[in-house]
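> What follows is a single structure, and I will ask about it in a moment.
The values are calculated or read from the model by the stated rules, or taken from the named source; none is laboratory data. As the structure is a computational prediction, the values presented were derived from the model and not from experiment. Using ideal geometry, Cβ is built from the backbone for each residue, glycine included, and neighbour counts are taken over all protein chains shown.
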Amino acid sequence: MFRFLTAGESHGPCLTIIVEGLPAGLEIDREAIDRDLRRRQGGYGRGGRMKIERDSVRFLSGIRHGRTLGSPVTMQIENRDWVNWQQAMSPEPLEELPEPVTRVRPGHADFTGAMKYGHRDVRNVIERASSRETAARVAVGSLCRQLLQPFGISIHSHVLAIADVGYEEPRPLTRDAYPPSLWEQVEASPMRCADPALTERMIARILEAKRAGDTCGGVFEVVALGVPIGLGSYSQWDRRLSARLGLAMLSIPSAKAVEIGAGLEAARRTGSQVHDVLRHGADGSWYHVTNNAGGIEGGITNGEPLVVRVALKPIPSLAHPLPAVDLASGENIDQTRYERSDVCVVPAGGVVGEAMMAIVLTEALLEKYGGDSLEEMLRHFQASQSA
Ligand SMILES: Cc1cc2nc3c(=O)[nH]c(=O)nc-3n(C[C@H](O)[C@H](O)[C@H](O)COP(=O)(O)O)c2cc1C
Ligand SMILES: C=C(O[C@@H]1CC(C(=O)O)=C[C@@H](OP(=O)(O)O)[C@H]1O)C(=O)O
């Protein structure tokens, strides 16, 4: 069974991650994990915190001489900002407590977290509700990507829209719509968008929001290529791969909607305009003429690109803050607090989406081709491909 836990406060000393269930003998490239961590830190619209952090992973268990042992992998990511918070975040009791945060920001976990856990200092909520935690998930996803690679699976993401600025028409979803050159253009764009003119318009939209003291959301798409037929199942509700992807993507802070394949657009069309005709190639291969299903039929992968889109709401911390309530006094106030914040995180969200896709596919791959070592898994995989 594959599982992981993350721990750590945003301004505590570090994030800690324990991953269990990776097979033994998998070669691990630590620098590739660090590259993914840095991709998550980037994108136009990030705030001051990302200038402080330089995320990098340290292994504490489960890997020896560059290969997994089959035992739990422990990873740590340092919070460089911790040095500025040692007193405020001290685990020891303090004689003099820091000024509590009592003004709640609409749209963040401030109000709900304080009510649920009975915190009078909203700092106790912010620290773990913060999306700092998504760095830990990207490290896990990056390990998973390294397991998926020998099975021919690669995962990418790109940004389709920022606020009201985006591709005018739905993009095709078939294999040839995702050539390697597309991803090269995406990685070169500060918005993680392959279209240079659209990149400029997205940046202008973020700047406009920033100047107004406001923030923007948007839509990113995650694509897995080379996924074999047969991952997931219709046999129980929670084994459907579509359902698992929905849960995984909606767990990303700010994610408010998920679409698979043609998504909402499929609901507007008729059956003959939606369903993907299956063909059998002369070489014995299977392919679909279109990919409105986004690579999943009946909760099972069908061999086409797995395509998932995620809509992120705008960041809740506004430089021109919204009205709120001071929890200490119960007073309605005109403006809640503002420290520093990102203005737009859709490109970073896409990198987190890649990690969640890698995690879901790892679980599904282990279920189908399970093994205690990579070699054993590959034997099961190869046997099923030649059957
Ligand atoms: C990568 C990333 C960075 C984020 N940065 C901020 C931020 O700087 N300020 C902020 O208020 N919210 C930020 N958010 C959004 C909040 O974490 C999120 O809105 C909050 O946890 C409440 O969860 P919900 O929006 O899903 O209800 C970020 C989200 C992501 C994915
Ligand atoms: C630290 C990260 O994102 C943070 C997510 C976040 C939030 O409220 O979710 C608030 C900000 O933190 P701070 O208050 O320290 O500026 C972001 O920088 C990160 O992505 O690594």
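> Pick from segment 96-132 the residues that are over 23 Å from ALA319 (Cβ atoms) and aliphatic (A, V, I, L, M): which of them is nearest to ligand 1 (Cβ to nearest atom)?
MET115
> Another one. If the requirement is being closer than 21 Å to ASP238 by Cα and touching a strand residue (DSSP E or B) at 6+ places or on another chain (Cβ under 7 Å), which of these qualifies: GLY349, GLY295?
Only one candidate qualifies: GLY295.
> Which one of SER329, SER317, SER272 is within 16 Å of ligand 2 (Cβ to nearest atom) and either under 19 Å from the mean Cα position of the chain (by Cα) or over 19 Å from ASP176 (Cβ atoms) (or both)?
The unique qualifying residue is SER317.
> Also, I was wondering about something else. I need the full set of residues from segment 75-111 which are among the β-branched types (Val, Ile, Thr) and crowded, with 16+ Cβ neighbours inside 10 Å, in order please. Full working, then the answer.
Quick first cut of segment 75-111, residues among the β-branched types (Val, Ile, Thr) only: 77, 83, 101-102, 104.
Result: ILE77, VAL101, THR102, VAL104.
> Taking the options ARG337, ARG309, ARG279, name whichever one is within 16 Å of ligand 1 (Cβ to nearest atom), at pLDDT 95 or above and on the phi < 0 side of the Ramachandran plot.
None of the others qualify; the one that does is ARG309.
> Okay, next question. Looking at GLU363, GLU354, which is the one that is among the acidic types (Asp, Glu), within 27 Å of the chain's Cα centre (by Cα), within 16 Å of ligand 2 (Cβ to nearest atom) and under 30 Å from LEU5 (Cα atoms)?
The unique qualifying residue is GLU354.
> Taking segment 341-387, which residues are among the hydroxyl-bearing types (Ser, Thr, Tyr) and either part of a helix (DSSP H, G or I) or under 25 Å from LEU69 (Cβ atoms) (or both)?
THR362, TYR369, SER373, SER384, SER386
> Next up: Only one residue in ARG54, ARG40 is out of contact with any Pro (no Cβ under 8 Å at 6 or more places or on another chain), surrounded by 14 or more Cβ atoms within 10 Å (Cβ to Cβ) and either touching a residue at least 60 places away in the same chain (Cβ under 8 Å) or in a loop (DSSP other than H, G, I, E, B) (or both). Which one?
Going through ARG54, ARG40 in turn, just one is out of contact with any Pro (no Cβ under 8 Å at 6 or more places or on another chain), surrounded by 14 or more Cβ atoms within 10 Å (Cβ to Cβ) and either touching a residue at least 60 places away in the same chain (Cβ under 8 Å) or in a loop (DSSP other than H, G, I, E, B) (or both): ARG40.
> Give all pairs with beta carbons closer than 6 Å in which a residue from segment 319-345 that is under 23 Å from ARG132 (Cα atoms) meets a residue that is crowded, with 18+ Cβ neighbours inside 10 Å and charged (D, E, K, R); count only pairs at least 6 apart in sequence or on separate chains.
THR336/ARG103; THR336/ARG105; ARG337/ARG103; ASP342/ARG46
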